[in-house]
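To start, the structure itself, in structure tokens.
Read-outs throughout are calculated quantities, based only on the coordinates presented, and are distinct from any laboratory measurement. Worth saying up front: this structure is predicted, and the values here are computed from it rather than measured. As a convention, Cβ positions derive from the backbone with ideal geometry for all residues, glycine included, and neighbour counts pool all protein chains shown.
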Number of protein chains: 2
Amino acid sequence: MSAVTLKMLAKHLSLSVATVSKALADSHEIRQSTKTLVIEGARELGYVGNPYASSLRKRASKTIAVVLPEVADSFFSEAINGIESVALQEGYHVLIYLTHEHLAREQAIMEEFKSGRVDGVLVSVSEETGSGEHIRRVLDSGTPVVFFDRVCDGPGTACVITDDFESSYRAVVHLAASGCRQPTFLATPTNLSISMNRLKGFEKALADLGLPRHKDEVLIFGKNEAENMDLLRAALSQPRPPDGMLVCVEKHVTYVYQLCAELRICIPDALKVIAFTNLKTAQFMSPPLTTVSQPAFEIGKTAAAALFRALKRASKTIDEEVIVIKSALVKRESTGSSPVSPG
Amino acid sequence: MSAVTLKMLAKHLSLSVATVSKALADSHEIRQSTKTLVIEGARELGYVGNPYASSLRKRASKTIAVVLPEVADSFFSEAINGIESVALQEGYHVLIYLTHEHLAREQAIMEEFKSGRVDGVLVSVSEETGSGEHIRRVLDSGTPVVFFDRVCDGPGTACVITDDFESSYRAVVHLAASGCRQPTFLATPTNLSISMNRLKGFEKALADLGLPRHKDEVLIFGKNEAENMDLLRAALSQPRPPDGMLVCVEKHVTYVYQLCAELRICIPDALKVIAFTNLKTAQFMSPPLTTVSQPAFEIGKTAAAALFRALKRASKTIDEEVIVIKSALVKRESTGSSPVSPG
């Protein structure tokens, strides 16, 4: 198969090359309905403009960067798809940079952007990131930055997040309604915005529901896998172990299922489990996992749209705004909910 | 937390700044044991060299690119981690580009590399890629390219792959030993090297085992989700449906579990299932999934090492070689194997 050309795309749509070209360039001469038609046709055929040739004309890199902790997580991989769905329409390349949760790597990456290597940046910060000084410097250099999911204080810019506090609150209410009296919050370090908000939601729900405080109410997982397993094993092996667990990060789900198998703790009878995850296998797990499913694709797409709004301005300035897209609690057997009938 | 500096790293290791600097630059003045110590210390503290400053000195981008179809797949996300483990040691940035299985995007990305934007490229080709002409042009421009996992004919360079033929063959032998007489191969388009080799291994095993040929012996999934579901539903709803299934690509696992739930087909009693996947949740699925587990991290690491061997030569030439790293068949209940006792 050879590359799809502008000419082939035009023929496929029965439009002139000039019309298709103008539609792709978002010209005011072209009607919105035609633009939509052309963009859909381009996606269907896999048409890709030549960003490099175009950047020579416009003196821009026609590239945006996505900076995030990792891709081995269903939230981030779906968010990337959302971002790319917008960038493709705009004829931009997307470069993905991973920080592996290290602030130092995030800083080194941001340093590089000050030289104008990319036109704009989408970032979800690392677990270690406190101050956003290194991100503010990128903004100051004239390159717009949008936060998605994990934000940090400081740089005034657009943020696209989900309702972490409310989602966590709803999850605890569901655990309590399912009979839990001692839920535990399984978290990453709490300087992360999402962890902090989820923890606050968890604690507010405990207080509102009048549930008693207990030891091991919050377990914080670090980077050492063996230490995490020991911490969780100790909590689950107590005389009065937790009877519910809200897992804040997808990668910790396997620890919980693993240890429950090892310690012969039955989910959901002895321990009810909810996790923040978009894992496609959640419904096929044993037992099927109750999830807080985040609108990952939408978050990525919305963040990219905010970035492109800024890129289309001569000033490249970005609106300071917080856009919240709601997550959904999907109840399954890991919290004792009856299975949804298939089909 | 502020960035880790060379000075902080040297202090942490009780070495001089000069020694640490030379060790990181792989100087012959420094012993290998010291280099290992320094590299481990750097990883532990999250030390990142400043590739940008360094690139100004050496007139190189200090950046390598990874071009692959998607990240929403455990194989690719682990392979990226393997690649980054090497790049980090070398003080290089890693840029990730996604093709979403489109040749046109792969071509546009490769076109960009001819301008020297990156020093080297690691690529796993798209489903649509036949000829490697666009990749050969990158090699011709003087930028070394290494294939990993999915290779294509044409460009003579290094390839790091797994034993797809043998893995598939072993999987069919296991299905037959578990009682299957009509296994089906669930595949993506077969112009992909991995699909082709897995299919050949499947067919050779059928022949060697003397299993009868049957309708729906091979089902090819395309990009349309609804069409894929219909194809599989039709095959499973026949009077004599397949009794075994070898799933070639991770993302198709959920289709199989989903349809078996819908059609009330019991895994493993009525259908035995094996999938090529590194999903961490495989052992917690209902029933636990038998997998062909690929050495994803090792493949990524080995491919990156081959690339850096070329980058360290004045000529930047790359050895033409094929490195094969073996996959493992992990037997679980989806093929009727008894569960491994936990702990």
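Worth pointing out:
- For the stretch A:195-313, the residue among A:T281, A:L219, A:M245 whose Cα projects farthest onto the positive side of the dipole built from Cβ charges is A:T281.
- Of all DSSP-defined beta bridges confined to the protein assembly as shown, some 10% are antiparallel rather than parallel.
- What separates the A:A226 label point from its copies, with the point 7 Å along Cα to Cβ, is 5.3 nm, written shortest first.
- Here the stretch B:236-342 carries DSSP beta bridges of which approximately 30% are antiparallel, counting only pairs with both residues inside.
- Length gained when the stretch B:A177-B:L263 is fully extended (0.36 nm per residue, less Cα-Cα span): 28.4 nm
- Counting Lys and Arg as +1 and Asp and Glu as -1 over every other residue whose Cβ lies under 10 Å from the Cβ of B:V118, the net charge comes to 0.
- Think of each Lys and Arg Cβ as +1 and each Asp and Glu Cβ as -1; about the Cα centre, that makes the dipole of the protein assembly as shown roughly 940 debye.
- Think of chain B as a dipole: +1 on every Lys or Arg Cβ, -1 on every Asp or Glu Cβ, centred on the Cα centre; then among B:S338, B:T143, B:M229, B:T143 lies furthest on the positive end.
- Three semi-axes describe the equivalent ellipsoid of the stretch B:244-317; taken as square roots of 5 times the Cα gyration tensor eigenvalues and ordered largest first, they are 39, 10, 9 Å.
- Rounded, prolate or oblate (a/c below 1.5 giving rounded, otherwise prolate when a/b exceeds b/c) for the stretch B:1-49 by Cα gyration tensor: prolate
- About the Cα centre, charge dipole magnitude for the stretch B:1-49 (Lys/Arg +1, Asp/Glu -1 at Cβ), debye: 100
- Computed over chain B, the range of Cα coordinates on each principal axis works out to 73, 50, 36 Å, biggest value leading.
- Assuming charge only on the beta carbon of Lys and Arg (+1) and of Asp and Glu (-1), the dipole of chain B about its Cα centre is about 1020 debye to the nearest 20.
- Label-point gap, in nm, between B:A18 and B:T5 - each point 7 angstrom along Cα→Cβ: 1.9
- Relative contact order (%) - criterion: Cα under 8 Å, at least six apart; region: chain A: 18
- The mean number of partner chain beta-carbon atoms within 10 angstrom of a residue's beta-carbon across peptide A:75-87 is 2.
- Extreme residue, positive dipole direction of chain A, given options A:A305, A:L37, A:C266 (C-beta unit charges): A:L37
- Sorted from closest to farthest, the other copies place their B:R240 label points 6.4 nm away, with each point set 7 Å from Cα along Cα→Cβ.
- The stretch A:152-216-the stretch B:195-214 distance, computed between alpha-carbon centres (Å): 52
- Cβ-derived FRET efficiency at R0 60 Å, A:R233 paired with A:A25, nearest 0.05: 0.50
- Peptide A:250-257 has a mean of 2 when you count, residue by residue, the C-beta atoms of other protein chains within 10 Å of its C-beta.
- Positive minus negative residues near B:H134 (Lys, Arg vs Asp, Glu; Cβ under 12 Å): -2
- Share, in percent, of DSSP beta bridges within chain B that are antiparallel, nearest 5: 10
- A point 7 Å from Cα along Cα→Cβ stands in for A:S33, and the other copies hold the same point at 7.9 nm, listed in rising order.
- Fully extending the segment from B:D319 to B:L45, taken as 0.36 nm per residue of separation minus the present Cα-Cα distance, adds 95.2 nm.
- Shape category assigned to the protein assembly as shown from the gyration tensor of Cα positions, a/c cut at 1.5: rounded
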